[in-house]
Amino acid sequence: MGRFIVRRIIGMILVMFAVSILTFLIFQVIPNGDPAVRMAGKNSTPTQIAAIRDTWHFNDPIYEQYVYTMKQVFTGSLISYSDQTNVWQEIKKGLPRTFALGIGAAIIWMVLGVSLGLYSAVRSGGFSDRLLTVLALIGVSMPVFWVGALMSYYLGYKFGWFPNGGYTEIAQGGFGQWIYHLILPWTALAILFVGVYSRILRSNILDTINDDYVRTARAKGISERQVLIRHVLRNSLIPIITLWGLDFGLVIGGGAVLTESVFNLQGVGQYFAEAIGRLDVPPVLEVTILGAFFIVLLNTVVDIVYALLDPRIRLGS
Amino acid sequence: MTEPILVIDHLKVDFQTDEGTVHAVDDVSLSLAPGEVLAIVGESGSGKSVTAMSLLGLNRGPNARFTGTAMYKGTELLSASNDDLRKIRGAEIAMIFQDPMTSLNPVQRIGDQIAEQILAHEKLSKAQVRDRVVELMERVGIPRAAERARSYPHEFSGGMRQRVMIALALSCSPNVLIADEPTTALDVTIQAQILERIKDLKEETGTAIILVTHDLGVVADIADRIAVMYGGRIVEQGTVDEIFYDPQHPYTWGLLGSITRVDRPRGERLPSIAGLPPSLLDPPAGCHFRARCPHEFPKCLEVPPLEDRGCGHADRCWLTVEEKRAKREVRPGEIGLANKEEVAPV
């Protein structure tokens with residue numbers, strides 16, 4: 001276990017290193033123009049631009065620029081090119097919102113995905129199974145920005161049942177308002193995953209239900225419900241957990257760009273999207289590294305949980 | 001003779017498939033006396049496992065159709081509700097399955113899996129259950145049982161897992177034990193150990209056993225009576241001595257001829273029955289063994305009845321007793337009772 005964690009930490013550092021270099025280099029290569037020119041503004045003299053170049057180390061060799069930037073990333077002193085704000089402070093403002101969105105949506109999609117998948121498998125071939133299959137396919141096919149926009153327009157703006165985007169902190173508006181503001185974004189984000197998860201679980205269950213040990217369980221004289229939950233479901237859920245960890249890591253690492261933007265949640269994802277729009281390298285770089293961190297972290301957690309759920313898996317080998 | 005504990009009468013099992021109806025079991029009647037060991041012998045697809053599974057309703061499903069009756073202590077098993085059947089499963093009739101590598105839940109501790117069955121039928125405290133589990137595991141010959149109860153299936157060898165399956169099956173002292181090819185997936189030496197163990201337990205507990213196998217050699221030592229199945233039907237039925245020393249059906253002759261034996265001349269090819277078992281999707285008319293039988297004659301186009309020649313030795317063949325005696329390749333006395341040392345996978 002100890003060795004496993006050490007290996008994973010080393011792996012995490014390597015992944016973050018690779019991701020940061022790639023992101024850094026991409027911005028050197030894309031035709032984004034000179035950040036110094038944009039920072040200097042329209043009516044600037046070459047002297048001013050040169051001065052900006054100098055202050056921001058744009059004249060240094062690329063590897064020195066990289067080292068300089070990474071130092072700032074890890075000391076939390078990285079400054080945005082476009083509005084000169086501290087990137088880490090902005091991310092810190094966005095993280096609770098992103099977490100609120102991600103955790104809520106992940107719970108919803110897991111609970112709904114598992115219950116619908118189980119129901120579908122038990123009723124396999126029947127009418128409700130077919131109906132759920134169709135619904136799941138529709139859910140998977142609808143892009144988040146479209147569902148989100150529809151929800152926001154009809155449920156938020158037209159009927160006025162829900163707030164039209166935005167985020168309220170618990171400290172500010174209370175728990176009720178917090179949930180009230182998050183219901184639409186949670187639903188929009190969860191719809192896609194519910195479809196995917198219920199489909200995967202359904203097929204896992206239908207595979208497992210014909211396994212020999214399920215027949216053994218039935219021959220013991222326990223109820224069908226116990227057979228399903230103790231033997232079938234538990235073994236079918238193991239692969240779902242992996243998927244869940246990865247998707248959750250992606251969302252809290254700033255991957256819910258579209259949902260956050262459509263509902264104006266001002267989370268890390270939205271911050272990321274806006275920074276890309278302005279070709280603002282520092283926020284993009286820092287959010288990408290953060291995202292990589294969360295994904296690798298969740299991956300490690302998934303592996304540990306996996307080993308706890310399935311005794312055949314040993315960590316470290 | 002004592003009152004039988006289980007009576008199967010005219011059991012038919014059909015499965016609807018995309019290609020048509022499979023007549024897996026066709027008119028099987030059997031009875032089992034308390035403490036008796038009945039072997040059902042046949043090759044793959046002969047309907048022997050389906051017969052066994054049907055008793056516990058383990059092959060029930062939307063595509064399966066069962067007719068006939070199976071009476072166990074006043075309960076008709078084929079039509080029993082799932083709830084009634086649940087009370088019988090494990091407690092009254094228990095089952096050991098073919099492949100011990102896959103028959104145990106890979107993510108549950110061995111002890112918990114045995115305990116689950118005990119708790120399904122009896123109200124016992126945790127400590128009582130734990131003691132019972134350890135005692136059961138010791139009884140089937142698992143060393144360091146208390147410690148091993150906390151292990152997972154993948155930490156056991158195949159033979160040990162089959163012992164666990166036996167312990168599981170015996171945990172509620174069932175009246176009937178159905179062993180479906182209990183040794184097929186095991187090494188020859190382990191096969192012998194497991195059979196020995198089943199035999200011992202039968203002596204100790206007096207449980208009646210239905211032993212399903214494709215290997216006649218396996219049953220010689222342990223069974224009281226043998227039913228030979230072919231193509232979903234019983235083709236011959238009798239005591240072990242009757243089947244081994246006075247086999248009536250040409251299929252049984254073939255089966256007996258294909259047992260490996262120490263006294264067979266070296267270098268001689270092991271005889272086998274030519275051809276393949278019939279498809280039960282569209283079975284041939286008349287005797288199912290007709291196509292592979294060297295003694296086929298026109299009468300075989302009609303289904304021969306399972307004719308009792310007295311004392312319970314019955315067979316399904318149109319040949320007269322005299323004809324059989326003349327044609328039988330395996331002559332009485334030539335085939336000795338196969339000992340377990342000679343047992344080899346067919």
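Label separation (B:A127 vs B:D241): 5.3 nm, computed from points 7 Å beyond Cα along the C-beta direction.
May I ask you to derive the FRET efficiency for A:F27 and A:I5 from their Cβ-Cβ distance with R0 = 30 Å, giving the value to the nearest 0.05? Each step should come with its number before you reach the end.
Working: r = 33 Å, r/R0 = 1.11.
After rounding to 0.05, the efficiency reads 0.35.
Percent of Cα-Cα pairs more than 36 Å apart in the protein assembly as shown, please. Show your work: numbers first, answer last.
Values: 124478 of 219453 pairs.
Percentage above 36 Å: 57.
Quick one: pull the percentage of alpha-carbon pairs in chain B with a separation above 40 Å. Pairs farther apart than 40 Å: 13 percent. Output the 0 to 90 degree angle, nearest 10, between the alpha-carbon long axis of helix A:87-122 and the longest principal axis computed from the alpha carbons of chain A. That works out to roughly 20 degrees. Measuring between their Cα centroids, region B:44-97 and region A:51-128 lie 57 Å from each other. A helix-only calculation puts chain B at -8500 deg cm²/dmol for mean residue ellipticity at 222 nm, using -39500 (n - 2.57) for each DSSP H run of at least four residues, averaged over all residues.
Taking Cα atoms only, the orientation of helix A:170-208 departs from the longest principal axis of chain A by about 50 degrees.
With springs only between Cα atoms under 10 Å, which of B:Q16, B:Q248, B:Q237 fluctuates most in a Gaussian network model of chain B? Looking only at B:Q16, B:Q248, B:Q237, the largest GNM fluctuation is found for B:Q16.
A cut-off of 5 Å between modelled amide H atoms, ignoring neighbours fewer than 5 places along the same chain, links B:I178 with B:A94, B:M95, B:I96, B:I210. In this structure the amide hydrogen of A:I79, modeled in the peptide plane, comes within under 5 Å of the amide hydrogens of A:V87, none closer than 5 places in sequence on its chain. List residues of region A:102-139, by number, whose backbone nitrogen lies under 15 Å from a label position 7 Å along Cα→C-beta of A:L308. Nothing falls inside the zone, counting backbone N under 15 Å. Phi angles across region A:209-215 convert, under the Karplus curve 6.51 cos²θ - 1.76 cosθ + 1.60 with θ = phi - 60°, into 3J(HN,Hα) values of 5, 9, 5, 4, 6, 6, 5 Hz, Gly and Pro given as x.
Nearest 500 deg cm²/dmol is fine: what mean residue ellipticity at 222 nm does chain A get from its DSSP H runs of n ≥ 4 alone, each adding -39,500 (n - 2.57), divided by its residue count?
-24000 deg cm²/dmol
Put simply, the C-alpha atoms of region A:76-166 give a gyration tensor, and the ellipsoid matching it has half-axes of 37, 19, 12 Å, longest first.
Just the Kirkwood number for region A:272-316, please: inverse of mean 1/r across all distinct Cα pairs, in Å, one decimal.
Values: mean 1/r = 0.0800 Å⁻¹.
Result for region A:272-316 stands at 12.5 Å.
Only Lys, Arg, Asp and Glu carry charge here, each on its Cβ (+1 for the first two, -1 for the last two); on that basis region A:246-317 has a dipole of about 220 debye about its Cα centre. If I take every Cα pair under 8 Å that is 6 or more residues apart in chain B, average their sequence separation and divide by the length, what percent do I get for the relative contact order? So the answer I get is 20 percent. Here the dipole of region A:2-74 is about 400 debye; that uses its Cα centre as origin and unit charges on the Cβ of Lys and Arg (positive) and Asp and Glu (negative).
Where the alpha-carbon atoms of region A:2-74 are placed on the principal axes, they occupy 58, 22, 18 Å, in descending order. Values of log10 I(q)/I(0) for region B:129-274 across q = 0.10 Å⁻¹ run -0.43, by the Debye formula with one identical scatterer at each alpha carbon and no solvent. Region B:180-229 and region A:231-271 have Cα centres separated by 54 Å. Distant-in-sequence amide contacts of B:Y230, defined by a placed amide H-H separation under 5 Å and a gap of 5 or more residues or a different chain, comprise B:V235. Under 12 Å from a label point set 7 Å out along the Cα-to-Cβ vector of A:D212, the amide N atoms of region B:184-209 belong to B:184-187. Taking the square roots of 5 times each eigenvalue of the Cα gyration tensor of region B:267-319, largest first, gives ellipsoid semi-axes of 22, 18, 11 Å. Can you give me the Cα centroid spacing of region B:300-327 and region A:135-186 in angstrom? One Cα centre to the other: 79 Å. Using every pair of separate Cα atoms, the Kirkwood estimate puts the hydrodynamic radius of region A:92-315 at 19.1 angstrom.
Could you calculate the FRET efficiency of B:R60 with A:W146 from 1/(1 + (r/R0)^6), where r is the beta carbon distance between them and R0 is 51 Å, rounded to 0.05? FRET efficiency, B:R60 to A:W146: 0.65. Phi angles across region B:119-131 convert, under the Karplus curve 6.51 cos²θ - 1.76 cosθ + 1.60 with θ = phi - 60°, into 3J(HN,Hα) values of 5, 5, 10, 9, 8, 9, 6, 4, 5, 4, 5, 4, 4 Hz, Gly and Pro given as x. Loop sites here are chymotrypsin sites (Phe, Trp or Tyr not before Pro) outside DSSP states H, G, I, E and B with no more than 13 other Cβ atoms within 10 Å. The longest part of chain A free of them is A:1-158.
Label point of B:D83 set 7 angstrom out along Cα-Cβ; within region B:30-61, amide nitrogens under 20 Å from it belong to B:56-58, B:60-61. Computed from phi, the 3J(HN,Hα) profile of region B:217-225 under the Karplus parametrisation 6.51, -1.76, 1.60 (θ = phi - 60°) reads x, 5, 8, 3, 7, 10, 7, 8, 10 Hz, with x in place of Gly and Pro. Between A:S77 and A:K42, the modelled label-to-label distance comes to 3.5 nm, taking each label 7 Å out from Cα in the direction of the beta carbon.
Between the helical axis of A:46-55 and the longest alpha-carbon principal axis of chain A there is an angle of about 50 degrees.
Bear in mind these aren't lab numbers, they're just calculated from the coordinates by the rules spelled out. Since the model is a prediction, treat every value here as computed from it, not as a measurement. Neighbour counts run over all protein chains shown; Cβ positions are idealised from the backbone, glycine included.
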